[in-house]
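Heads up: the structure comes next, in structure tokens.
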Amino acid sequence: MSKLAYIFPGQGAQYPGMGKQLFEEYEAARNVFKMADARLEEDFSGLCFDASRGAELDLTWNAQPAIMAVSLALLALAAERGIPGPDYLAGHSLGEYTALAAAGVLTPGDALWLVRQRGRFMAKASPPGEGGMAALVGGTREQAEALCEAVSEFGSLQPANFNGGGQIVVSGHREAVAKAAERAKEFGIRRCVPLQVTGPFHSKLMAPAADELRAAMERIPFAAARVPIVANVDAETETAPDIIRERLIRQISGAVLWEQSVKKLVGLGVDTFVEIGPGKVLTGLIRKMDCPVRLVNIEDAASLDALDL
């Protein structure tokens with residue numbers, strides 16, 4: 001039987017002005033942004049809509065709830081139009097929290113508040129300039145791990161995202177990232193591309209954020225998931241709130257197993273993936289995996305109007 005998965009993008013998908021058209025044209029989307037303003041106690045939608053505030057939008061604690069708000073607005077519009085609901089949910093890093101809101105584990109307001117706190121904790125965990133990330137292209141997990149070990153004298157470095165299609169992102173101390181870029185070809189890796197990010201996400205350097213995240217989670221309720229969610233940290237399905245919470249805490253300093261998560265979903269019978277949120281990053285990553293699946297994205301009003309499921 002054909003099965004459907006909704007997937008949600010992570011940090012980096014944001015762009016200035018996103019969501020503005022949705023707000024102006026659709027009441028369901030407008031309600032989501034008004035809820036975000038109220039829960040975050042600021043004119044948050046204005047930050048998303050103002051094309052001149054791109055640098056401010058890119059700050060970790062703003063980008064994360066902004067991407068979620070747009071994704072939730074699109075999700076509300078999809079539901080309003082009677083688009084088939086998912087059999088499974090997943091998201092890339094931040095996107096996993098959007099999946100939790102879609103599954104009823106968190107209320108949309110609590111999810112937005114939590115990722116705002118998460119972004120602040122992540123920014124505080126590693127001072128500016130201490131860490132960085134780089135994408136390894138054309139290498140295996142074993143090659144990436146060997147490279148990280150080879151540069152360990154320059155600082156901590158570890159695989160952070162297994163994105164599929166031969167792309168593995170490493171994260172850690174900035175000097176170790178630079179040395180990895182210099183030596184990547186020695187380990188059979190075709191290219192190493194430094195990423196423009198604000199911190200060494202999903203690395204051991206994020207460990208201080210885990211304790212703060214745990215404390216923040218104790219302030220909001222977690223419910224059982226109405227739809228199974230595939231977690232980043234182990235690519236396994238889960239619905240129990242206590243286990244979901246622990247996996248989120250591990251996720252902040254652990255690797256995002258995106259390729260493994262997609263393959264898990266395919267193994268469960270998913271043959272259609274619908275990416276909901278700004279951009280087409282996840283659709284592009286899955287396409288590079290050469291999976292026999294249908295890929296659809298909903299990123300704005302035009303793509304929503306063109307959707308045929």
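The values are calculated or read from the model by the stated rules, or taken from the named source; none is laboratory data. All values reported here derive from a predicted model rather than from experimental measurement. In this analysis, Cβ positions are derived from the backbone assuming ideal geometry, glycine residues included, and neighbour counts consider all displayed protein chains.
Observations on the structure shown:
- Beta carbons closer than 9 Å, at least 6 apart along the sequence or on distinct chains, pair a first residue in segment 162-177 that is among the hydroxyl-bearing types (Ser, Thr, Tyr) with a second that is surrounded by fewer than 24 Cβ atoms within 10 Å (Cβ to Cβ) and part of a strand (DSSP E or B) for 171/158; 171/159.
Residue-wise test of (1) surrounded by 18 or more Cβ atoms within 10 Å (Cβ to Cβ); (2) in contact with a Lys or Arg (Cβ under 9 Å, 6 or more places away or on another chain); (3) among the aliphatic types (A, V, I, L, M).
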| residue | (1), (2), (3) |
| --- | --- |
| 29 | yes, no, yes |
| 41 | no, no, no |
| 48 | yes, yes, no |
| 51 | no, yes, yes |
| 76 | yes, no, yes |
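- Set 129, 109, 139: member being modelled with pLDDT of 95 or more and not charged (D, E, K, R): 109
- Scanning segment 176-194 for residues that are basic (Lys, Arg) and outside any loop (DSSP other than H, G, I, E, B) yields 179, 183, 185, 191.
- Residue among 207, 223 that is more than 23 Å from residue 84 (Cα to Cα), surrounded by fewer than 23 Cβ atoms within 10 Å (Cβ to Cβ), touching a residue at least 40 places away in the same chain (Cβ under 8 Å) and out of contact with any strand residue (DSSP E or B) (no Cβ under 8 Å at 6 or more places or on another chain): 207
- Scope segment 86-115; condition buried (at least 24 other Cβ atoms within 10 Å of the Cβ) and of a type in the set (D, E, K, R); matching residues: 96
- Flag for residue 36 being in the same structural domain as residue 229 (by TED's automatic domain parsing), crowded, with 24+ Cβ neighbours inside 10 Å, at pLDDT 95 or above and more than 28 Å from residue 262 (Cβ to Cβ): yes
- Taking the criterion of being of a type in the set (Gly, Ala, Ser), touching a strand residue (DSSP E or B) at 6+ places or on another chain (Cβ under 7 Å) and in a loop (DSSP other than H, G, I, E, B), the residues of segment 129-175 that qualify are 138, 139, 155, 156, 166.
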